[in-house]
Amino acid sequence: MTEYVMLHLADEQVPPDAERLIAEGLERVKGINWFDFVASDYQVVYTVLAALQRGRFCEWGSGMGVVTGLAAMLGYDAYGVEFHEPLVERSKALLRDFKLSCRVELGDYLEREDQADLYFAYCWPNRVMQLEEHFHKVAPRGSRLLVYYGRNDVRCLPKQ
Ligand SMILES: C[S@@+](CC[C@H](N)C(=O)[O-])C[C@H]1O[C@@H](n2cnc3c(N)ncnc32)[C@H](O)[C@@H]1O
């Protein structure tokens, strides 16, 4: 059974370096026309990540890599997985240009067994069940999955 737990948001402003990464990511993704990419609200995601315990972070479907980069800025050991190659290339360049120590890997996260303490995913609503099943199958006990539904709705699913 799916039992989400309550999330708290950090009571802090998004710092200027994070705002620059967000703005640059949104600018650089403009040339990419890929039906599956929709940006999450990065300021909201930042305040969610800022409130959680740091550890290994994996973004499933990392798009432009902005969430992965924000996680790295916040002190997570972060990486992203993305299956659209042009996005992988652009996100790698973005994160390199911002000198962030995190990475993006090309691949289908549903075919991988990524091990992390915290996962983040933003997918189509009709894919959430598959996402949750995959999380329960591969994630280590005690890890958590953040599912972004919208700027007012980010859910946290723990792995018991
Ligand atoms: C809605 S976008 C969100 C992108 C990013 N997480 C964000 O918050 O801005 C979903 C991304 O996941 C990627 N994606 C979808 N299914 C995937 C899969 N099975 N493996 C890897 N990437 C996937 C898409 O190509 C797309 O870039």
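Any read-out appearing in this document is the output of simple, stated calculations on the displayed coordinates, not a laboratory observation. These numbers come from a predicted model, not from an experiment. Note: ideal-geometry Cβ built from the backbone for every residue, glycine included; neighbour counts use all protein chains shown.
Laid out as a table, the results:
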quantity	calculated
Pair-distance profile P(r), taking every C-alpha pair of the chain, with 10 angstrom steps and integer %	11, 44, 37, 8, 0
Residues Thr47, Thr2, Thr68, sorted so that the one with the fewest Cβ neighbours within 10 Å comes first	Thr2, Thr47, Thr68
Packing-based exposure ordering (other Cβ within 10 Å, fewest first) of Val38, Val128	Val38, Val128
Relative contact order (%) - segment 16-158, alpha-carbon pairs under 8 angstrom, separation at least six	22 percent
Fewest-first sequence of Lys99, Lys92 by Cβ atoms within 10 Å of each Cβ	Lys99, Lys92
